[in-house]
2 protein chains.
Amino acid sequence: MTADGHDKTRKSTVSKSDAVYRALKRAILDQALAAGTKLPEDSIGERLGVSRTIVRQALARLNGEGLIELRPHKGACVAQPSLEDGRNIFAVRRSLEALVVDSLIGKLSPQQIRQLEAHVEAEDMARANDTATSIQLAGEFHVLLAKLTENDILSRYVTELVSRSSLILSLYGRPHSPDCAVSEHRELITALARGDRDKAGALMHHHIDAITTRALLKSQTEKDFPDLLAAYAREEGL
Amino acid sequence: MTADGHDKTRKSTVSKSDAVYRALKRAILDQALAAGTKLPEDSIGERLGVSRTIVRQALARLNGEGLIELRPHKGACVAQPSLEDGRNIFAVRRSLEALVVDSLIGKLSPQQIRQLEAHVEAEDMARANDTATSIQLAGEFHVLLAKLTENDILSRYVTELVSRSSLILSLYGRPHSPDCAVSEHRELITALARGDRDKAGALMHHHIDAITTRALLKSQTEKDFPDLLAAYAREEGL
DNA sequence: TCAGGAAAATATGTATACGAATATGGGAGA
DNA sequence: TCTCCCATATTCGTATACATATTTTCCTGA
């Protein structure tokens, strides 16, 4: 079934910590583990049938990618990025995804274009039905684009930023509105396929800005916790 | 001496794996450990007086940052980035350091400008005397700029890329030529201080392009190992 | 009833031990 | 002498055990 051999042994062969890492990552991005959730090594290991050693490795990796916070002697919990973190992440994304577009202009094969179109098609399919996979696919579109550049560092960073963006969205974003994303993705593919560098760059910038706005929507209505408390304090004359 | 307490206990308090991580990282960036050097967990642990557990954590982290390569059941060795890796790394640096400049324009306090000038001064001092620290300081200038943006993600990525750039330079770059770097850094500070966005952006792009050229110099004269071998094979009629 | 604190329980940090995979070296056979 | 293969040794992957830090609980005293 796979290149390296039988399917049965594969999972056990490719290192357990990797499996735990992926499981935790998916759980976080699916919001099965909400932001701030404590992640005790013992429980996770017991639950997944591995030792703490393995869990620890996975947690260290997730910490490196900013998906969890890891405070000494206090254990791990799902990251709760601040609004400023959100702004920073999207600012970097804007730069890097511009580089993605720039790297891809005039270099996409017909087959790659079909691949992108197929992905957007899948996004469209999931648009109304399945909200969860819809969000996931929207993010993976950007990851796919980044991977097509064959720039490993670029694609690693974009992947990481997209993951963290999901967290931001779950914390501060509006419920969900993937409709525009799909059409924006389509327009971007068209511009890329036509080799229109300026148009593609402008579309990507606009697209990321749109995501940023949606993701950080609550920044105007809802305050950070400390500020929220301060407001109440003022009302009580404290 | 430090914020968190007495100096004596500090080192033992802030986790051993962090210390090992920093030691190995410095050793790699100082080229005390040449690219490709094997890094057996046992030896390192014995040498540094810690258990393999700690060394493993440090190695995993270095692997995440691309400074070492970690192949299953084969152990770790100092990374040997390819020329393509080099091109990719500098391409991403170009984008991100442009964002650094953009973030800093019009936002540098007089004190921060003095800090930057002091750093370049130090670069100038080490220019002729100490080649090793000269290289190090040149890289740290970019790290310092990135940190001044107060964008944690941006500064983390730039730091990582600067580290990996050092590796690239040690593999493919010409011996050393920091003279131009110093003057270019000075010009950049001036443009930043004056708030001249276009000038600063252009300077940074030019500066990174210059570094890229110097770093990947051997790309024209010296081939990759496989290509090199292929050339010999052709000569022998193989 | 509530505040303070000590002891127990829990969780993390680190070391060690054992099993598995890979690299190494030597001997048998051609 | 060279090649192939098996035994040995080294190194990595993982689990477990012990040490240390933190959280919780519950008791004491005001």
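The values are calculated or read from the model by the stated rules, or taken from the named source; none is laboratory data. All figures in this text were calculated on a predicted structure; none of them were measured in a lab. Counting neighbours? That spans all protein chains shown, and the Cβs are built from the backbone with ideal geometry, glycine included.
Structure notes:
- Residues of the range A:29-71 satisfying the condition of being more than 20 Å from B:Gly64 (Cα to Cα), more than 15 Å from the chain's Cα centre (by Cα) and not charged (D, E, K, R): A:Gly36, A:Thr37, A:Leu39, A:Pro40, A:Ser43, A:Ile44, A:Gly45, A:Leu48, A:Gly49, A:Val50, A:Ser51
- Qualifying residue in the range A:75-82 (condition: assigned to a helix (DSSP H, G or I), within 12 Å of chain B (Cβ to nearest Cβ) and surrounded by 14 or more Cβ atoms within 10 Å (Cβ to Cβ)): no
Residue-wise test of (1) away from DNA strand C (no atom under 16 Å from the Cβ); (2) in contact (Cβ under 8 Å) with a residue 12 or more places away in the chain; (3) assigned to a helix (DSSP H, G or I).
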residue: B:His73; (1), (2), (3): no, no, no
residue: B:Ile89; (1), (2), (3): yes, yes, yes
residue: B:Ser95; (1), (2), (3): yes, no, yes
residue: B:Gly106; (1), (2), (3): yes, yes, no
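- Residues in the range B:166-211 that are of a type in the set (D, E, K, R), at pLDDT below 90 and within 26 Å of B:Gly66 (Cβ to Cβ): B:Arg174 only.
- Flag for B:Ile189 being away from chain A (no Cβ under 14 Å), crowded, with 17+ Cβ neighbours inside 10 Å, of a type in the set (Val, Ile, Thr) and free of Cβ contacts under 8 Å to residues at least 60 places away in the same chain: no
- Exactly one residue out of A:Gln115, A:Gln80 is among the polar types (S, T, N, Q) and more than 21 Å from A:Arg214 (Cβ to Cβ): that is A:Gln115.
- Among the residues of the range A:78-99, none qualifies, meaning not one is in contact with a Ser or Thr (Cβ under 6 Å, 6 or more places away or on another chain) and on the phi > 0 side of the Ramachandran plot.
- Test: A:Ala118 is without any contact (Cβ under 8 Å) to a residue 40 or more places away in the chain, under 28 Å from A:Leu148 (Cβ atoms), part of a helix (DSSP H, G or I) and more than 14 Å from every other protein chain (Cβ to nearest Cβ): yes
- Summed over the range B:140-150, the residues that are within 14 Å of chain A (Cβ to nearest Cβ), in a helix (DSSP H, G or I) and surrounded by fewer than 22 Cβ atoms within 10 Å (Cβ to Cβ) give a count of 2.
- Hits in the range B:16-60 (condition: within 10 Å of DNA strand C (Cβ to nearest atom), in a helix (DSSP H, G or I) and of a type in the set (Ser, Thr, Tyr)): B:Ser17, B:Thr53
- Residue in the range B:93-104 that is of a type in the set (Ser, Thr, Tyr), more than 19 Å from the chain's Cα centre (by Cα), within 14 Å of chain A (Cβ to nearest Cβ) and closer than 23 Å to B:Ala193 by Cβ present: yes
- Taken as a whole, the structure places A:Ile68 among residues that are crowded, with 17+ Cβ neighbours inside 10 Å and away from DNA strand D (no atom under 13 Å from the Cβ).
- Of the residues contained in the range A:44-58, one or more are found to be over 28 Å from B:Ala98 (Cα atoms) and acidic (Asp, Glu).
Each row is one residue, and each column tells you yes or no for (1) more than 13 Å from B:Ile168 (Cα to Cα); (2) more than 9 Å from chain A (Cβ to nearest Cβ); (3) within 16 Å of DNA strand D (Cβ to nearest atom).
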{"site": "B:Val50", "(1), (2), (3)": "yes, yes, yes"}
{"site": "B:Thr53", "(1), (2), (3)": "yes, no, yes"}
{"site": "B:Leu59", "(1), (2), (3)": "yes, yes, yes"}
{"site": "B:Asn63", "(1), (2), (3)": "yes, yes, yes"}
{"site": "B:Arg87", "(1), (2), (3)": "no, no, no"}
{"site": "B:Phe90", "(1), (2), (3)": "no, yes, no"}
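- Filter result for B:Leu137 (more than 14 Å from chain A (Cβ to nearest Cβ) and surrounded by 17 or more Cβ atoms within 10 Å (Cβ to Cβ)): yes
- Flag if A:Leu161 is outside the structural domain of A:Gln31 (by TED's automatic domain parsing) and surrounded by 21 or more Cβ atoms within 10 Å (Cβ to Cβ): yes
- Candidates A:Ile153, A:Ile135: the one that is more than 29 Å from B:Glu97 (Cα to Cα) and in a helix (DSSP H, G or I) is A:Ile135.
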